[in-house]
Amino acid sequence: MTDALATETPRTDPAIWWRQAAVYQIYPRSFADANGDGLGDIPGIVSRADYLAELGVDAVWLSPFYPSALADGGYDVADYRNVDPRLGTLEDFDRMVAALHERGIKVIVDIVPNHSSDQHVWFQEALEAGRGSAARERYIFREGAGDNGELPPTDWGAAFGGPAWERVADGQWYLHSFATEQPDFNWDHPEVREDFLTTLRFWSDRGVDGFRIDVAHMLTKDLSEPLPSRAELEGMPQDGTHPLSDRDDVHEVYAEWRKVFNEYDPPRTAVAEAWVSSPERRARYASAEGLGQAFNFDLLVADFDATQFRSIITENLEQSASSGSSTTWVLSNHDVTRHATRYGLPALEGSPEKQGVAWVKAGGPADWVDRERGLRRARAATLLLLGLPGSTYLYQGEELGLHEVAQIPADQRQDPSFFRGADFDGLGRDGCRVPIPWTASGPSFGFGTGDAHLPQPAWFAEYAADVEAADPDSTLSLYREALRLRRLLQAGEQLEWTETGRDDVLSFARPNGWRVVTNFGTAPFDLGADADHVALGPVSDGALPGESTVWIAPAALVR
Ligand code: NOJ
């Protein structure tokens, strides 16, 4: 194999590096713990910079590392322009950016604009200043219903369960779309708007290359009286006029942000986390006048199924082309059951293969997961994704083939959704946030020097990075090789489907002759002459085994 075609890919153009980037998501508190307090930290990330470089990712995205009371794993931000002292200092942050940049790795940080922590100085001021004060205007305070205002203003529910309103000491109520400790900002307030511009500049000035925008579709709200009921809200169209979600006017905010991004050279990038009703609505967030890119989560909720994959891929490529952006692919993140586990759960009788549902019904016992099959399918799905045009977001630990940890005792869980009755596969999101194993032995599997903040199971030893680095057949070795070859394959952003004669086998070609073939079924698929050109993936007797993917190199590249 030669590197002859590795020229002029988007990653070599500094202004559009993000279009086909492989971005590795770090959940900082669970990545690497340098000071031994059980929480991952920024110096821990620096200590693993070489690992990230060897893995071959183009960028890292850091989930929040800001000061936080950790009511929602850091998505309750108390100070947007600082580092949580348990995770380090701003100087540590600068060292981390330098260490990653030296290795050619870009840095994306998470911005959480819909809500702050209730510990944020503005919210504390609002509580003290009392009803009618200017300080309360930065959040959403209302009088309650009932004779004495003793009932919440509406019957709206919060995403993590329970009511969306909380009463404060003087009797007013504030809106929190997520946990009680996450009051929603009032985006009609000029100071709120201005403060986020300051935050974007603050991190851009420190060398950050891009931003991931948390619940980007929820910022602006129409709260004119009378407020609708929950049932009325649910009946309202999601066409840009809904009072709480995906409003057209949210794009005025992002147009202002774009101006800030474009003050920098190269312009800073952004990707929206926008749970909206259609790919058409999502494309608005990805426009060049707005955030520029938006997450496509369709594969997070799809089954391991050729028909579903093909239609999702086709539709998303069309949509991203229409917005001029590039699409994004995600199989795992810090909010969902890891894909190796989802794909290893049994189908429920009478239901499509909704692994998440099976997991809930099973209460998560270990023997419900066929780990081997789940991982086999996960490797196949990841190889398919890495061969697609667009950028791919990888979640820490998936390169080790790590499974979800279901067996976390209730008294050690942290996710507010577990305690407040929201769904999230019935077990909350802690199972994908368990600190990752670096070594097969030693305290906390090399994560730190003491216990980790979430309990790690004994089986983590099998997935440790040191074990996998030494094994050419490991998932880590597969990811490294795929990320290396991806730089050859990603020249050009088109894809052309090739018919395979089988409904459960997908095959597509990239403009420079690379091809990707995925067998979603269990019967082997005969590769014919392609069997001699396999650059990556398993071949057995000239055939592609079930539940696997191969990359076929252009003839010119084969020795
Ligand atoms: C989406 C984030 O990914 C999730 O972890 C968080 O709980 C909510 N937004 C609220 O910030």
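The values are calculated or read from the model by the stated rules, or taken from the named source; none is laboratory data. Predicted model, so just to flag it, every value in this text is computed and none were measured. Note that each Cβ is placed from the backbone with ideal geometry, even for glycine, and that neighbours are counted across all protein chains shown. For accessibility, only protein heavy atoms count, side chains too; no ligands or nucleic acids. Shrake-Rupley method; radii C 1.70, N 1.55, O 1.52, S 1.80 Å.
Scan the range 170-183 and report the pairs whose first residue is among the hydroxyl-bearing types (Ser, Thr, Tyr) and whose second residue is within 8 Å of the ligand (Cβ to nearest atom), with Cβ atoms within less than 7 Å and a gap of 6+ or a chain change.
Ser177/Asn114; Ser177/His115; Ser177/Ala159
Mind listing just one residue for me: the one in the range 244-300 that is within 17 Å of the chain's Cα centre (by Cα), touching a residue at least 24 places away in the same chain (Cβ under 8 Å) and open to solvent by 20 Å² or more (accessible area, probe 1.4 Å) and, of those, farthest from Arg206 (Cα to Cα)?
Our first condition is that a residue be within 17 Å of the chain's Cα centre (by Cα); within the range 244-300, this holds for 269-276, 282, 285-286, 291-300.
Filter once more, so that each one left must be touching a residue at least 24 places away in the same chain (Cβ under 8 Å): 269-276, 282, 285-286, 291-297, 299-300.
With the extra rule that they be open to solvent by 20 Å² or more (accessible area, probe 1.4 Å), the set shrinks to 275-276, 282.
Values: Trp275: 30, Val276: 32, Arg282: 29 Å.
It comes out as Val276.
Is it the case that Gly73 is of a type in the set (Gly, Ala, Ser) and touching an Asp or Glu at 6+ places or on another chain (Cβ under 9 Å)? Give the derivation first.
Values: of a type in the set (Gly, Ala, Ser): yes; touching an Asp or Glu at 6+ places or on another chain (Cβ under 9 Å): yes.
Yes, satisfied.
Is it the case, given these coordinates, that Ala465 is open to solvent by less than 50 Å² (accessible area, probe 1.4 Å), more than 25 Å from the chain's Cα centre (by Cα) and among the aliphatic types (A, V, I, L, M)? Show your work before the answer.
Working: open to solvent by less than 50 Å² (accessible area, probe 1.4 Å): yes; more than 25 Å from the chain's Cα centre (by Cα): no; among the aliphatic types (A, V, I, L, M): yes.
No.
Going through the range 414-434 one residue at a time, which ones are away from the ligand (no atom under 11 Å from the Cβ) and at pLDDT below 90?
Initial filter on the range 414-434 (away from the ligand (no atom under 11 Å from the Cβ)): 414, 418-421, 423, 425-427, 430-431, 434.
Result: Phe418, Phe419, Arg420, Gly421, Asp423, Asp425, Gly426, Leu427.
Could you list, in sequence order, the residues of the range 149-158 that are in a loop (DSSP other than H, G, I, E, B) and open to solvent by less than 50 Å² (accessible area, probe 1.4 Å)?
Step one: of the range 149-158, the residues in a loop (DSSP other than H, G, I, E, B) are 149-150, 152-156, 158.
Passing the criteria: Gly149, Pro152, Pro153, Thr154, Trp156, Ala158.
So, in the range 166-190, exactly how many residues are open to solvent by less than 30 Å² (accessible area, probe 1.4 Å), farther than 20 Å from Ser245 by Cα and outside any loop (DSSP other than H, G, I, E, B)?
1
Which of (1) more than 30 Å from Ser322 (Cα to Cα); (2) within 16 Å of the ligand (Cβ to nearest atom) is the odd one out, the single condition Phe445 does not satisfy?
All conditions pass for Phe445, except number (2).
Of the residues Arg201, Arg212, Arg193, which is over 30 Å from Leu100 (Cα atoms), under 29 Å from the mean Cα position of the chain (by Cα) and either of a type in the set (Lys, Arg) or in a helix (DSSP H, G or I) (or both)?
On the way: Arg201 fails: over 30 Å from Leu100 (Cα atoms); Arg212 fails: over 30 Å from Leu100 (Cα atoms).
Of the residues listed, the single one that is over 30 Å from Leu100 (Cα atoms), under 29 Å from the mean Cα position of the chain (by Cα) and either of a type in the set (Lys, Arg) or in a helix (DSSP H, G or I) (or both) is Arg193.
Any residue at all in the range 224-236 that is under 22 Å from Thr154 (Cα atoms) and surrounded by 20 or more Cβ atoms within 10 Å (Cβ to Cβ)? It would help to see each step written out before you state the result.
In the first step, residues of the range 224-236 are kept if they are under 22 Å from Thr154 (Cα atoms); the result is 224-236.
Still in the list and also surrounded by 20 or more Cβ atoms within 10 Å (Cβ to Cβ): none.
Checked the range 224-236: no residue is under 22 Å from Thr154 (Cα atoms) and surrounded by 20 or more Cβ atoms within 10 Å (Cβ to Cβ).
Can you tell me which residue among Gly448, Gly442 is crowded, with 22+ Cβ neighbours inside 10 Å, assigned by TED's automatic domain parsing to the domain that holds Ala32 and of a type in the set (Gly, Ala, Ser)? Spell out how you get there, then give the answer.
On the way: Gly442 fails: crowded, with 22+ Cβ neighbours inside 10 Å.
Of the residues listed, the single one that is crowded, with 22+ Cβ neighbours inside 10 Å, assigned by TED's automatic domain parsing to the domain that holds Ala32 and of a type in the set (Gly, Ala, Ser) is Gly448.
Taking the stated definitions as given, is Gly513 assigned by TED's automatic domain parsing to the domain that holds Tyr51 and modelled with pLDDT under 95? Before you say what the answer is, go through the steps one by one.
Numbers: assigned by TED's automatic domain parsing to the domain that holds Tyr51: no; modelled with pLDDT under 95: yes.
No.
May I ask you to say which residue of Gln490, Gln414, Gln456, Gln396 is surrounded by 16 or more Cβ atoms within 10 Å (Cβ to Cβ) and outside the structural domain of Asn316 (by TED's automatic domain parsing)?
Within the list Gln490, Gln414, Gln456, Gln396, the selection yields Gln490.
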